[in-house]
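Colleague: A single structure is presented below for examination.
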Amino acid sequence: MPQMRGILTYGLAVLLYAALAAHFWRTRWRVAEPHVKEAAPWERWAIAVPFALHSALLYSVIFGAPQLRFGFGHALSATLWLAVLFYWFESLFYRLEGMQPAILGVAALCVPLPAIFPGLESQAYAHTIQFRLHLVLAMTAYGLFTIAALQAALMGLIEKRLHGRSLGEELSGPLASLPPLLTLETLLFRILAAGFVLLSLTLATGVAFSETVFGQAFRFNHKTLFAVLSWGIFGLLLAGRHFYGWRGRRALRWTMAGFAVLLLAYVGSRFVLEVVLGRSLA
């Protein structure tokens, strides 16, 4: 019975996310006018329903299970959970209705991934409070940088279309429904700043955890190397923004470079080891 209830919860979350994505697509991306109407209160609160189901499912599979499991599917599902939360909150201050169809649609695809790719059981030390704190910080940081990379790619596409259009010609299709580039750039650096703080805390808690469990502050491996490199890249980007006003294509290139390095540190290796090779990364 609990297993059947879990399947039904997954199905309901997927269905609601997909239905809302279709609704925003019809009412935002398919409209002829380039200026999209503001979200109605019921639309904002409707998103909270599948988000609450998504939250309960993630908690149950990561922290509610007798054995801690955290794999490739959990990472992607948690990332989209964070994306929905971030853009829902920011939509209270910015006009972001044009972002919702893609975010909710991808969230619908990622909700069931922990059930499809359940991962492997973690080591005994993974049940300590220290490790769980480190895990939450790490996945929140990775999730924010994933969102930043996706937004940077979208901004690059918009900028390319803007430079390639004729004088006076407006953007068409879904791109016409998106917020202005300046708004997206402001959001991008807010995401990057929050992600950098959390990545810094992730590295700090990782050092403390490693010293407690393994007797050494740093375990020199590919994860540590790429995590520190990505931390340096994002730190330089934020410093360049603050002191020299970096923006535009330079900021987008640095964002994508930092994300690529971070991806090598975690998600790519975890996918290969768990899904392809069937080994634990812990």
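A quick yes/no check of all residues on (1) assigned to a loop (DSSP other than H, G, I, E, B); (2) under 20 Å from LEU262 (Cβ atoms):
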| position | (1), (2) |
| --- | --- |
| LEU58 | no, no |
| LEU76 | no, yes |
| THR79 | no, yes |
| LEU82 | no, yes |
| TRP88 | no, no |
| ARG95 | yes, no |
| ILE103 | no, no |
| VAL106 | no, yes |
| ALA115 | no, no |
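Colleague: Kindly evaluate PHE72 against the criterion of being within 26 Å of MET99 (Cβ to Cβ), out of contact with any Cys (no Cβ under 9 Å at 6 or more places or on another chain), at pLDDT below 85 and assigned by TED's automatic domain parsing to the domain that holds MET99.
Modeller: Taking the combined requirement at face value, the residue satisfies it.
Listed here are the residues, each with its yes/no results for (1) assigned by TED's automatic domain parsing to the domain that holds GLY71; (2) modelled with pLDDT under 65.
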position: ALA115; (1), (2): yes, no
position: HIS134; (1), (2): no, no
position: MET139; (1), (2): no, no
position: ALA153; (1), (2): no, no
position: PHE209; (1), (2): no, no
position: PHE214; (1), (2): no, yes
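The values are calculated or read from the model by the stated rules, or taken from the named source; none is laboratory data. On a predicted model such as this, the values are computed, not experimentally measured, just so you know. FYI the Cβ positions are ideal-geometry reconstructions off the backbone, even for glycines, and counts take in every protein chain you see.
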